[in-house]
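Only one structure is covered here, and it is reproduced in the block below.
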Amino acid sequence: MAKENKTQENNGQKIQTKYERKIEERKKREEKDKRDAKLMRIGVIAACFLIAAAIVGSVAASALRKKAATSDAYITIGSHSVTKLEFDYYYYLMKNNYMMTYGSLLSYMGVDATQNLEDQQYSGEMTYKDLFEQLAVEQIRQTKALADDAAANNFVYDDTEDYAAILNEVEVNAEAAGTTVNNYYKLSYGEYATEKNLESFAKEGLLAGKYYEYLIEQNAPEEQEIKDYYAENVLNYDRVDYHSFAFEAETGDEASEEDEASQEDAASQEDVEKAMEDARKKADAMKKAREEGKGFQELCLENASEENKAMYEDGETDASLREGAYHSSIPSVMADWLYEDGRGEGDLAVLKDADSNQYYVVEFVKRYYDEADDENISNTISSERVLEYIENIMESYTVTDQKGKLKYLTIEDAVES
């Protein structure tokens, strides 16, 4: 009996059954799970707080950048503070205009079309980015100077129609690009560009452009000034009509693959000279036949290569005749002969073009001045006057680069020093 009591009691402690131990272990696990869950909830809340704080910080930073770009001075030109928004507007204008003008020629200018244009070298130490920044600054200087001068001279202009045309063009371009108008503004003029915040820049540009046209009209020369200018620049404005045909020296060899640009790599100098002599003989024969009465175009057809015969077979047009040509647009060998004093209708010549390894047969028709060029001369004179005027008023529109962002200014200073 004493042994049984000893089994049931141990120093006054109750002995747990197997079932009771399981129940207690389950309670402990549940308490631990509760603590872990509470800690996890606290961690999630803290993480969410950190994420929210990061988002708020990012939004705030973005808002600050936008405020700085649209409100703070990026550079100063004269008395005008120019924001990053306005600077970008002109930067992209200059870049887009440059691409429209030279885009198809960039590969010939050593530009790698697969790389970002702005990072590539333009000239010396300048990249294309530096170039576009320089062009943008000069355009802003000119625009501000003209707009201020227009205001000082009480020049007013209704921009309603012209500005509506700009908005319409943006819509057309956005549709062509397959994007929205809002996105097109950002793609074309910078990340903060909108129709609303670019309006004043566009209208100021319209005002400057219209005022420039006004200055051109106000500085138009008198009739006698046009005559005097023509007399001083006869070769620039006289035109000529003439027939011509070229005999190329045929060496019979192709340039080497290693240096296709060098004719000397394909044929010896003796071969070139012999080919030139053959070309001269053909040219002389054509000249003689023409002097004997054969038609110039008929002779061109007889002497043309098979691939070029078709252009001389058209009975309605004369492919050998060039009309209204200016001195500057004619190969110098022919131009010098055509513009010689005393040249008369029907004069013929065989002219050697050593640079191109060919001979020309040339027939003079006439030389004359087209009075339509009076307007061109007038525009030239007035443009020179207005350009000088603009350069004078722009002198006070100096550039201050507060943030040191315009590298081209440093390059220019280095070159000047």
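Per-structure values
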quantity	calculated
Index of the failed condition, residue 76 passing every other in (1) part of a helix (DSSP H, G or I); (2) modelled with pLDDT of 95 or more	(1)
Positions within the range 132-162 being closer than 16 Å to residue 405 by Cβ and touching a Lys or Arg at 6+ places or on another chain (Cβ under 9 Å), in sequence order	132, 133, 135, 136
Candidate set from the range 97-130 (those that are polar (S, T, N, Q), loosely packed, with under 15 Cβ neighbours inside 10 Å and not in a strand (DSSP E or B)); member that is modelled with the lowest pLDDT	114
Count of residues meeting criterion [in a helix (DSSP H, G or I) and either of a type in the set (Gly, Ala, Ser) or surrounded by fewer than 18 Cβ atoms within 10 Å (Cβ to Cβ) (or both)] in the range 178-205	14
Of residues in the range 257-284 being among the charged types (D, E, K, R) and not in a helix (DSSP H, G or I), the one modelled with the lowest pLDDT	257
Residues being of a type in the set (D, E, K, R) and surrounded by 17 or more Cβ atoms within 10 Å (Cβ to Cβ) - total across the range 206-223	1
Test: residue 127 is of a type in the set (S, T, N, Q), out of contact with any His (no Cβ under 8 Å at 6 or more places or on another chain) and farther than 22 Å from residue 80 by Cβ	yes
Hits in the range 316-328 - residues which are touching a residue at least 24 places away in the same chain (Cβ under 8 Å) and of a type in the set (Gly, Ala, Ser)	320, 324, 325, 328
Cβ pairs under 6 Å, 6+ apart, first in the range 279-292 and of a type in the set (A, V, I, L, M, F, W, C), second at pLDDT below 95 and buried (at least 18 other Cβ atoms within 10 Å of the Cβ)	279/249
Qualifying position, being closer than 29 Å to residue 410 by Cα, modelled with pLDDT of 90 or more and either of a type in the set (Asp, Glu) or not in a helix (DSSP H, G or I) (or both), among 133, 169, 175, 161	133
Looking only at the range 224-243, and only at residues there that are assigned to a helix (DSSP H, G or I), in contact (Cβ under 8 Å) with a residue 60 or more places away in the chain and of a type outside the set (A, V, I, L, M), the one that is surrounded by the fewest Cβ atoms within 10 Å (Cβ to Cβ)	225
Filtered residues of the range 366-417 (kept if modelled with pLDDT of 95 or more and aromatic (Phe, Trp, Tyr))	368, 369, 389, 397
Residue 110 being in contact (Cβ under 8 Å) with a residue 12 or more places away in the chain and at positive phi	no
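To keep it simple, each residue is scored yes or no on (1) surrounded by 16 or more Cβ atoms within 10 Å (Cβ to Cβ); (2) in contact (Cβ under 8 Å) with a residue 12 or more places away in the chain; (3) not aromatic (Phe, Trp, Tyr).
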{"position": "314", "(1), (2), (3)": "no, no, yes"}
{"position": "330", "(1), (2), (3)": "yes, yes, yes"}
{"position": "351", "(1), (2), (3)": "yes, yes, yes"}
{"position": "361", "(1), (2), (3)": "yes, yes, yes"}
{"position": "373", "(1), (2), (3)": "yes, yes, yes"}
{"position": "380", "(1), (2), (3)": "yes, yes, yes"}
{"position": "391", "(1), (2), (3)": "no, no, yes"}
{"position": "398", "(1), (2), (3)": "no, yes, yes"}
{"position": "411", "(1), (2), (3)": "yes, yes, yes"}
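The values are calculated or read from the model by the stated rules, or taken from the named source; none is laboratory data. Being a predicted model, the structure only gives us computed values, none of them experimental. Backbone-built Cβ (ideal geometry, glycine too); neighbour counts: all protein chains shown.
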